[in-house]
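J.: First the structure, then my questions, so here it is.
The values are calculated or read from the model by the stated rules, or taken from the named source; none is laboratory data. Here the structure is a predicted model, which is why all the values come from computation and not from measurement. Positions of Cβ are generated from backbone atoms using ideal geometry, with glycine treated the same way; all protein chains shown enter the neighbour counts.
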Amino acid sequence: MSPAPHVVVIGAGTLGLFTAVNLVERGAQVTVLEAQSVASGSSGRSVGVVGTQFTHAFDLMLRSHALRQFRDWEARGMRFNRIGYLRLARTAAQMALFEETAALRAAAGFRSTLYRGRDLLQLVPDMDLEGLAGGSFGPDDGFIDPHELCTMLAQHLRDEGGLLRQSCRLEGIVRRTGGYRLETTGEALDCDVVVNAAGAWAPQVAAMFGQTLHVQPERHEAVTILLDRPLGYTMPMVMDLVNGQGTGLNFRHDKPGELIAEIHHVEDAGPEDPDRYNDQCDEASKVHLAELLLERLPDLPGARLGRGWAGLYPTTADHRPFVGPIDPDEPLLVTAAGAGGYGIQLSPVIGQVAADWAVHGAPVSAPGTEALLPTCERNVDRLSVQA
């Protein structure tokens with residue numbers, strides 16, 4: 001490989017653009033191919049939550065790398081709405097888990113405060129506490145605008161000499177000595193390395209290279225909640241899910257007089273075709289969401305459902321992203337996919353590690369992230385694991 005390899009990144013969502021920016025800042029020649037437009041896939045349909053209230057050291061390590069980059073982009077002008085993040089506990093055992101792992105969050109550099117019982121009303125006065133034992137609150141957490149972030153990343157890429165080709169679809173590949181020739185709807189590209197960051201389309205891209213990538217696009221819905229008048233406080237992000245247990249309901253402030261709510265699916269909803277899925281929130285989902293919201297926020301002033309939409313979570317069997325080569329005999333084809341509902345908040349570290357694999361052949365800047373490799377043990381169909 002040349003000292004300044006030419007890397008083509010496929011996909012201009014947050015994963016692809018963070019990969020591209022990490023690469024160009026290391027001196028690589030970078031071209032991003034995007035079949036549609038910047039943030040036109042899952043990134044542009046995300047609610048942009050960035051949270052740190054997790055209970056596993058590995059999850060916290062990933063977020064420590066991600067937050068370092070988010071802070072850098074915040075200093076460059078990215079808006080980070082630090083409204084806080086409350087992860088609810090339904091049982092005493094979940095509260096004990098939050099307490100036992102508080103030191104892990106502190107060691108990762110994240111603040112967290114435990115709230116028990118009625119103390120939760122200090123954070124969300126309108127919340128019904130039935131069935132809740134408490135929660136863990138991160139005051140520095142919040143949300144970003146993924147489209148704004150992608151636009152900033154794309155501009156930085158261009159400023160640093162990288163290329164971004166939108167409305168340019170990959171149509172075929174030819175392996176050549178030391179790299180690839182990519183046939184597209186525009187000009188053909190010769191490159192040394194390819195990074196597959198195509199989101200819900202990543203399995204299709206992998207198949208063009210003769211590889212099998214077990215990333216399942218899972219549909220999810222979000223909806224705005226309109227209020228008759230603004231609340232007298234800023235509602236933090238609230239999540240009812242701890243390590244797969246809970247309703248999956250989450251909601252947060254978005255703007256005065258408006259909330260956003262969605263559901264992280266607890267049960268497998270089955271794969272979606274990213275080219276043909278319904279991108280609107282269907283009536284059954286709205287009814288289910290309304291029922292959960294009425295249970296948890298029964299007295300919001302004049303609350304009613306507003307606009308809704310649907311996006312895709314590209315998920316893996318173990319619910320952790322794939323970063324690195326699928327085939328150790330083809331190290332110049334790197335995968336960065338499958339971050340599920342955590343794609344936005346993990347995109348900086350996924351891009352960092354994907355760039356490591358592309359340039360150095362190993363995750364040199366983030367030891368321990370070798371565990372994200374899509375090995376044959378991890379790259380399996382979700383249905384076979386559940387069986």
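J.: Which residue, of 366, 339, 371, 354, is out of contact with any strand residue (DSSP E or B) (no Cβ under 9 Å at 6 or more places or on another chain), modelled with pLDDT of 95 or more, among the aliphatic types (A, V, I, L, M) and closer than 28 Å to residue 31 by Cβ?
T.: Being out of contact with any strand residue (DSSP E or B) (no Cβ under 9 Å at 6 or more places or on another chain), modelled with pLDDT of 95 or more, among the aliphatic types (A, V, I, L, M) and closer than 28 Å to residue 31 by Cβ holds for just one of 366, 339, 371, 354, which is 366.
J.: Quick one: in the range 168-181, which of the residues that are surrounded by 13 or more Cβ atoms within 10 Å (Cβ to Cβ) and out of contact with any Asp or Glu (no Cβ under 8 Å at 6 or more places or on another chain) is nearest to residue 30 (Cα to Cα)?
T.: Once the filter is applied, the top-ranked residue is 169.
J.: In the list 224, 212, which residue meets the criterion of being part of a loop (DSSP other than H, G, I, E, B) and of a type in the set (Val, Ile, Thr)?
T.: Just a single option satisfies the conditions, and that option is 212.
J.: Kindly evaluate residue 224 against the criterion of being of a type in the set (S, T, N, Q), farther than 25 Å from residue 58 by Cβ and outside the structural domain of residue 277 (by TED's automatic domain parsing).
T.: no
J.: Let me ask another. Quick one: count up the residues across the range 87-124 that are hydrophobic (A, V, I, L, M, F, W, C) and assigned to a helix (DSSP H, G or I).
T.: Residues flagged as hydrophobic (A, V, I, L, M, F, W, C) and assigned to a helix (DSSP H, G or I) within the range 87-124 amount to 13.
J.: Considering only residues that are under 21 Å from the mean Cα position of the chain (by Cα) and among the acidic types (Asp, Glu), which ones fall in the range 332-387?
T.: 356, 370, 381
J.: What are the residues in the range 1-45 that are in a helix (DSSP H, G or I) and buried (at least 24 other Cβ atoms within 10 Å of the Cβ), if any?
T.: Passing the criteria: 14, 15, 16, 17, 18, 19, 20, 21, 22, 23, 43.
J.: Let me ask something else about it. For the range 24-64, enumerate the residues that are farther than 24 Å from residue 251 by Cβ, out of contact with any Leu (no Cβ under 9 Å at 6 or more places or on another chain) and not assigned by TED's automatic domain parsing to the domain that holds residue 193.
T.: Of everything in the range 24-64, those that are farther than 24 Å from residue 251 by Cβ, out of contact with any Leu (no Cβ under 9 Å at 6 or more places or on another chain) and not assigned by TED's automatic domain parsing to the domain that holds residue 193 turn out to be 58, 61, 64.
J.: Among the residues of the range 145-167, which ones are buried (at least 21 other Cβ atoms within 10 Å of the Cβ) and either closer than 27 Å to residue 6 by Cβ or in contact with a strand residue (DSSP E or B) (Cβ under 6 Å, 6 or more places away or on another chain) (or both)?
T.: 149, 150, 153, 154, 157, 162, 164
J.: Moving on. State the number of residues belonging to the range 274-324 that are within 19 Å of the chain's Cα centre (by Cα) and charged (D, E, K, R).
T.: 3
J.: Identify all residues within the range 133-186 that are in a helix (DSSP H, G or I) and not acidic (Asp, Glu); write none if there are none.
T.: Result: 146, 147, 149, 150, 151, 152, 153, 154, 155, 156, 157, 158.
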